[in-house]
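Comments concern the structure below.
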Protein chains: 2
Amino acid sequence: MITSLNPATGEERVLDVEETTLDQVAAICELAHRATSELATRSLTWRGSMLRAMADALEESGESIIAAADFETALGRARLKGELRRTAFQLRFFADVVEDTTFLAASIDHATDSPMGPLADMRRLRVPLGAVAVFGSSNFPLAFSVPGGDTASALAAGCAVVVKAHPAHPHTSALCAAALREGARRVGAPEGTLEVVYGFAAGTALVTDANIAAVGFTGSLFAGQALWRLANERPVPIPFYGELGSANPLVVTPSAARVRAREIGAGAAGSMTLGVGQFCTKPGLLFVPEGSDGDALVNALVESLVATSTFTMLTGGIAAHFRESVAAIAAHEDVVALVAPAPEAGTTVRAQLFGVDARTFASEAARDLREECFGPLALVVRYESSDDLFAALRAASASLTLSVFAEAEDPDAAGLVDFAATRAGRVIVNGYPTGVGVSWSMHHGGPWPATTAPLATSVGAAGIERWLRALTYQSVPEALLPAPLRDENPWGVARRVDGVLVARPV
Amino acid sequence: MITSLNPATGEERVLDVEETTLDQVAAICELAHRATSELATRSLTWRGSMLRAMADALEESGESIIAAADFETALGRARLKGELRRTAFQLRFFADVVEDTTFLAASIDHATDSPMGPLADMRRLRVPLGAVAVFGSSNFPLAFSVPGGDTASALAAGCAVVVKAHPAHPHTSALCAAALREGARRVGAPEGTLEVVYGFAAGTALVTDANIAAVGFTGSLFAGQALWRLANERPVPIPFYGELGSANPLVVTPSAARVRAREIGAGAAGSMTLGVGQFCTKPGLLFVPEGSDGDALVNALVESLVATSTFTMLTGGIAAHFRESVAAIAAHEDVVALVAPAPEAGTTVRAQLFGVDARTFASEAARDLREECFGPLALVVRYESSDDLFAALRAASASLTLSVFAEAEDPDAAGLVDFAATRAGRVIVNGYPTGVGVSWSMHHGGPWPATTAPLATSVGAAGIERWLRALTYQSVPEALLPAPLRDENPWGVARRVDGVLVARPV
């Protein structure tokens, strides 16, 4: 039996859930594959109603889900209530995305002549890729786990989903799965539309199962690369969408440091400790000018961090790994400790802050300082000149986000925004990277190693694109075409007709 | 010095071109990287004008390019003139795609409240991915080589391109590169916008060069997989878009065989020998019913093939590989020879046809009969029942195309079209797969092993998506935003504003 563990108290609860056997994984994937075929026969309106029914059912089970998640993650009820709200919103948002129909990229070219000679009637559509495997993350027991963004976007694409539950919150995963399945049941979704598997071996089996067509993963670079390799080495390789880690540089210009040193210092402290620093968007590298303005900013940051209490991390393993990272950074000869309390034990940690100068950071000696450290830790990189700053920024890895704090008419702002656009998936001015809104315009991805696919996002409307493939019907009679490609447009989808984009009829 | 070889006559010509050294490759990639940064500062209108200038320059050099290509490929002037026309059309088509602006997927969400709390101003855009490496194919010296679809779509995306010239047509490659560069020069494109490298080692170096951000490849499964592995194993892995081979099943229903046996037999013979069977869309598997109607179809096919003369393949190596494949199929104990002339020598081959029954084809013993064979060869698979047909179709690999020949009101048509939609990138009714139109609705891709990325196409407007990444600007002041994301929309791009798609102002 699988055990649920409270990271704050050490209390254990035996669950009515077992690790999924390899035979069970195979049967579940087969079922998911069949469910995907069945889902393909349903309308987009039905698909939207399924996502809404799932959101409703999730909220109806909200109390028990939040209680389980609070027990298993120690993230606190307030945060978890917000996360549930966000997760239900996300399911309903993807219902909107489905009904918007643009994701189908439907296109009709009637037969015509061209400089290449006659062209046959061609009609293009995006269709569901197949059953999708989703790996739940440790740090968002809801929004990036069983009922999270990968699941919501894959279901929106028309794909059945098999989630590998994260071992840190099995009870939450089971309750969420039950809620989603209840929603699915209410609208008559096929069996296998949403399944959950438990255990390390089950996760590996999922990635290599012939009935799985793509993988969504949020987690560490190490685990992500191993699974990505498995996905690539299959007889039929499949897309692997991994979000693998990001240091999220935050740059403060000299002007901004002059005007807002204390405000930015305190704000950075809040962002880097939010959720115990267990966010993929935690600002881990803070680029601050040398001199008195920068000193004032760092002092404010230090004050705020010193004022924080102890934190409970998600698991003992994560806390142990955090302590190892802290020790390695502290031992680095070029690094100074700014906030470095003595290590706590178990799942308990305290916020940490280190400092280094930009030239050192840009040098080969500092290579190990550039990696993401999961938890409430940041490295302040002090720069003297713009040249030093850019050399250090270039040395940092590409990332999910890059934040620039600058004043109006700031002479440094444009260069930093342009640079950020080449190295990050989201460029933020005067804002902190934590807090990732679910919206049409969100991009939560970035160049390697932030993610494995530079066009893919795991948050926002475009997340649906990961779970689609494209297909052209040539000279296919109207009666044999899928609804979105028939001339009469029975589903009323947005589409391109003979090269001209035609908005959705209303 | 590199030598140009005439496959029809054996004549050799020494060219004023050398294999590119590894140092030269590195310098070229650095230049391409810088050119991509410079291209990002130009407008879409300018980018369209560059593609049109390239098309013009290509046509101006048309006579010498066609002469070189005819010498190097033996494909004949008529085919090559058509291919040049297609290639120039394709460059101009991508200028239209650029000016259409939809590929940017620009989206603006103004700051608002949501059930998740306040959402900051977010603006999303697709931007050029970086310098792109393109591997020219052997079988299309123009349309899938230096001035081909990968090059045109990558330039349209705003990426500089470095092409690895195919060794079978180095002179054609050099002349095309000169023409494209002349077009680029006329509109003031930066140096490095289009470069060509020569030699096997240069190709490998291209895939692993840190300044290359993605690879487009058309060629064999073997070479494609090797390069794909290289791309994945880089310190910073990059997307690899390979089109690796396809058997392109063609299915004739009993009704169609009854009504059009001779017409379909002759048509299939034409399609499988077009371009000496050296097309990625050559129909290599022909599913024909058992019985007299099917016999009549096969007889017509045999008659047409027997009437064909000898063919000259692109290279001696390709012809030798073709003969090996023919010998292997002929030696297969379950296969009958239908058209099996004695082997010719050198680059000369004759059309070949073999037969097998559907049950054997579906069995493990026939595994080696399912692979693509490049050249004028097809395997006729005779089926007795619909069950036998579908078992055999399921055993075949996924492919670029699947063609169904069926009558009006044909009871078998719907099931075949639906099946085809799960296994091919293009589903054709009553048409042959050869001849791939450049258009908005074309999809030239397919599930593995047809291509490495199931959403990607190497022909048609959507081909541009391979060379883009996405990016969100959060709370970025208007003055620091790229033009397509500014409220006033100075470039007049199509975009989504607060969730609503707004067509391009005209």
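The values are calculated or read from the model by the stated rules, or taken from the named source; none is laboratory data. Worth saying up front: this structure is predicted, and the values here are computed from it rather than measured. All Cβ positions, even for glycine, are placed from backbone atoms using ideal geometry, and neighbour counts span all protein chains on display.
For segment A:457-481, how many residues meet the condition of being within 8 Å of chain B (Cβ to nearest Cβ), assigned to a loop (DSSP other than H, G, I, E, B) and of a type outside the set (Val, Ile, Thr)?
The number of residues fulfilling the criteria is 3.
Within segment A:380-395, can you find the residues that are over 15 Å from A:Asp293 (Cβ atoms), buried (at least 24 other Cβ atoms within 10 Å of the Cβ) and of a type outside the set (Val, Ile, Thr)?
Residue satisfying the conditions is A:Ala392 alone.
Could you list, in sequence order, the residues of segment A:53-77 that are part of a helix (DSSP H, G or I) and either touching a strand residue (DSSP E or B) at 6+ places or on another chain (Cβ under 6 Å) or buried (at least 20 other Cβ atoms within 10 Å of the Cβ) (or both)?
Within segment A:53-77, A:Ala53, A:Met54, A:Ala55, A:Ala57, A:Leu58, A:Ile65, A:Ile66, A:Ala68, A:Ala69, A:Asp70, A:Glu72, A:Thr73 qualify.
Given the criterion touching a His at 6+ places or on another chain (Cβ under 7 Å) and either free of Cβ contacts under 8 Å to residues at least 40 places away in the same chain or more than 19 Å from B:Arg124 (Cβ to Cβ) (or both), identify the matching residue among A:Gly425, A:Gly431.
After applying the criteria, what remains is A:Gly425.
Search segment B:1-14 for residues being loosely packed, with under 15 Cβ neighbours inside 10 Å and not small (Gly, Ala, Ser), and hand back the single one that is farthest from B:Ala69 (Cα to Cα).
That would be B:Met1.
Just one of the numbered conditions (1) closer than 22 Å to B:Ala26 by Cα; (2) in contact with a helix residue (DSSP H, G or I) (Cβ under 8 Å, 6 or more places away or on another chain); (3) among the small types (Gly, Ala, Ser); (4) not in a loop (DSSP other than H, G, I, E, B) is not true of B:Ser153; which one?
(1)
Being modelled with pLDDT of 95 or more and either more than 28 Å from the chain's Cα centre (by Cα) or part of a helix (DSSP H, G or I) (or both) is the requirement here; does A:Leu400 meet it?
Judged against the criteria, A:Leu400 is not a match.
Please go through segment A:90-109 and give me each residue that is at the interface with another protein chain (Cβ under 7 Å from one of its Cβ atoms) and either in a strand (DSSP E or B) or free of Cβ contacts under 8 Å to residues at least 60 places away in the same chain (or both), ordered by number.
Scanning segment A:90-109 gives A:Ser107, A:Ile108, A:Asp109.
Can we say A:Thr112 is more than 30 Å from B:Leu91 (Cβ to Cβ), surrounded by fewer than 23 Cβ atoms within 10 Å (Cβ to Cβ) and within 11 Å of chain B (Cβ to nearest Cβ)?
no
Does A:Val493 satisfy the condition of being more than 9 Å from every other protein chain (Cβ to nearest Cβ) and either of a type in the set (Val, Ile, Thr) or buried (at least 23 other Cβ atoms within 10 Å of the Cβ) (or both)? Reasoning before the result, please.
On the way: more than 9 Å from every other protein chain (Cβ to nearest Cβ): yes; either of a type in the set (Val, Ile, Thr) or buried (at least 23 other Cβ atoms within 10 Å of the Cβ) (or both): yes.
Yes.
Quick one: count up the residues across segment B:396-405 that are at the interface with chain A (Cβ under 9 Å from one of its Cβ atoms) and either surrounded by 23 or more Cβ atoms within 10 Å (Cβ to Cβ) or at positive phi (or both).
Qualifying residue count for the region: 3.
Run down A:Leu301, A:Leu314 and say which single residue is touching a helix residue (DSSP H, G or I) at 6+ places or on another chain (Cβ under 9 Å) and under 23 Å from A:Arg77 (Cα atoms).
That would be A:Leu314, the only listed residue that is touching a helix residue (DSSP H, G or I) at 6+ places or on another chain (Cβ under 9 Å) and under 23 Å from A:Arg77 (Cα atoms).
Sort out which residues of segment A:115-137 are more than 16 Å from A:Ala154 (Cβ to Cβ), modelled with pLDDT of 95 or more and more than 7 Å from chain B (Cβ to nearest Cβ), and write them in order of number.
A:Asp121, A:Leu125
Is there a residue being aliphatic (A, V, I, L, M) and outside any helix (DSSP H, G or I) anywhere in segment B:20-38?
Within segment B:20-38 (the criterion being aliphatic (A, V, I, L, M) and outside any helix (DSSP H, G or I)), the answer is no, since none of the residues qualifies.
In segment B:27-52, which residue that is among the small types (Gly, Ala, Ser) and over 25 Å from B:His169 (Cβ atoms) is surrounded by the fewest Cβ atoms within 10 Å (Cβ to Cβ)?
For segment B:27-52, the residue satisfying everything is B:Ser43.
Of all the residues that make up segment A:186-238, how many are within 21 Å of the chain's Cα centre (by Cα), buried (at least 21 other Cβ atoms within 10 Å of the Cβ) and farther than 25 Å from A:Glu371 by Cα?
Residues flagged as within 21 Å of the chain's Cα centre (by Cα), buried (at least 21 other Cβ atoms within 10 Å of the Cβ) and farther than 25 Å from A:Glu371 by Cα within segment A:186-238 amount to 12.
Quick grid of which residues meet (1) at pLDDT below 95; (2) within 23 Å of A:Arg234 (Cα to Cα); (3) assigned to a loop (DSSP other than H, G, I, E, B):
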| position | (1), (2), (3) |
| --- | --- |
| A:Pro167 | no, no, yes |
| A:Ala184 | no, no, no |
| A:Gly188 | no, no, yes |
| A:Val207 | no, yes, no |
| A:Ala214 | no, yes, no |
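Answer yes or no as to whether B:Ala266 is in the same structural domain as B:Leu314 (by TED's automatic domain parsing), closer than 23 Å to B:Gly294 by Cβ and surrounded by fewer than 22 Cβ atoms within 10 Å (Cβ to Cβ).
So B:Ala266 passes the test.
Hey, does segment A:154-173 have a residue that's within 14 Å of another protein chain (Cβ to nearest Cβ) and within 30 Å of B:Thr434 (Cα to Cα)?
Looking through segment A:154-173, none of the residues is within 14 Å of another protein chain (Cβ to nearest Cβ) and within 30 Å of B:Thr434 (Cα to Cα).
Kindly list the number of the only condition in (1) touching a Leu at 6+ places or on another chain (Cβ under 6 Å); (2) at the interface with another protein chain (Cβ under 7 Å from one of its Cβ atoms) that fails for A:Leu485.
(2)
Yes or no, residue by residue, for (1) on the phi < 0 side of the Ramachandran plot; (2) free of Cβ contacts under 8 Å to residues at least 40 places away in the same chain; (3) not aliphatic (A, V, I, L, M):
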site	(1), (2), (3)
B:Gly216	yes, no, yes
B:Gly224	yes, no, yes
B:Pro237	yes, yes, yes
B:Ala247	yes, no, no
B:Leu250	yes, no, no
B:Pro254	yes, no, yes
B:Gly267	yes, no, yes
B:Met272	yes, no, no
B:Gly275	no, no, yes
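Return the total of residues in segment B:425-446 being more than 14 Å from the chain's Cα centre (by Cα) and in a loop (DSSP other than H, G, I, E, B).
5
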